[in-house]
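The values are calculated or read from the model by the stated rules, or taken from the named source; none is laboratory data. Here the structure is a predicted model, which is why all the values come from computation and not from measurement. Please note: Cβ atoms are built from the backbone with ideal geometry, for glycine as well, and neighbour counts cover all protein chains shown.
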Amino acid sequence: MAATVGTGPGPLLGECWREFSWRFAGSDLLLAFLKSMIRILTMKGQALELISEIHLDWKRHVARALAPHGITPKQIFLLRKLKESATLTPSEVAVLIHGDRPSTTSMLDTLERSGWICRQRDPSNGKRVIITMTDAGMEKLASVPERLWRSGKVPSDPESCLERDEREELTRLLQKMHRCMNANPQER
């Protein structure tokens, strides 16, 4: 069963299917094949949908818990990162929050208006802007109970139900998926 030039994979696959269904019509093998194909097609993307659903549920939970404190999950995340590193650039912030330039700038504007951060020119490189946390930002960070933020020890944390080895395995698998997604198509 050779493909003719210019027919592409569509006609060839159709020809293979016709041959397969003709030979195995009414057999259990055909039914098994069809069930397998349906299972594969319905499972494709199921893991990503579940990951997305867990992530969104977690974000909503954290946002509701932080709302009475007047801070969003991204804002508290950024304040924690600033506490760890002392300074960040807007580009580093964009990478941390997985944001584009306009949304990062908007977030930094909001934090600066709140008095929690300060943007200034880098004294050693006038073209570069550095972001630091203000005393008010440190106070805001200290005012939010640690239990409201991801610690891995609270019941609402999606990872809290996993044992250490399960967390490690899940992390390994997610890292593998991430590497695959970001790899060159030729490397897959």
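Quick one: is VAL93 buried (at least 16 other Cβ atoms within 10 Å of the Cβ), out of contact with any Phe, Trp or Tyr (no Cβ under 6 Å at 6 or more places or on another chain) and either among the aromatic types (Phe, Trp, Tyr) or touching a residue at least 60 places away in the same chain (Cβ under 8 Å) (or both)? When the stated conditions are applied, VAL93 does not pass them. Restricted to the range 142-188, and to residues there that are among the hydroxyl-bearing types (Ser, Thr, Tyr) and closer than 17 Å to SER52 by Cα, the residue that is modelled with the highest pLDDT is THR171. Taken over the range 100-129, the criterion of being closer than 22 Å to LEU148 by Cβ and surrounded by fewer than 17 Cβ atoms within 10 Å (Cβ to Cβ) is satisfied by THR110, SER114, GLY115.
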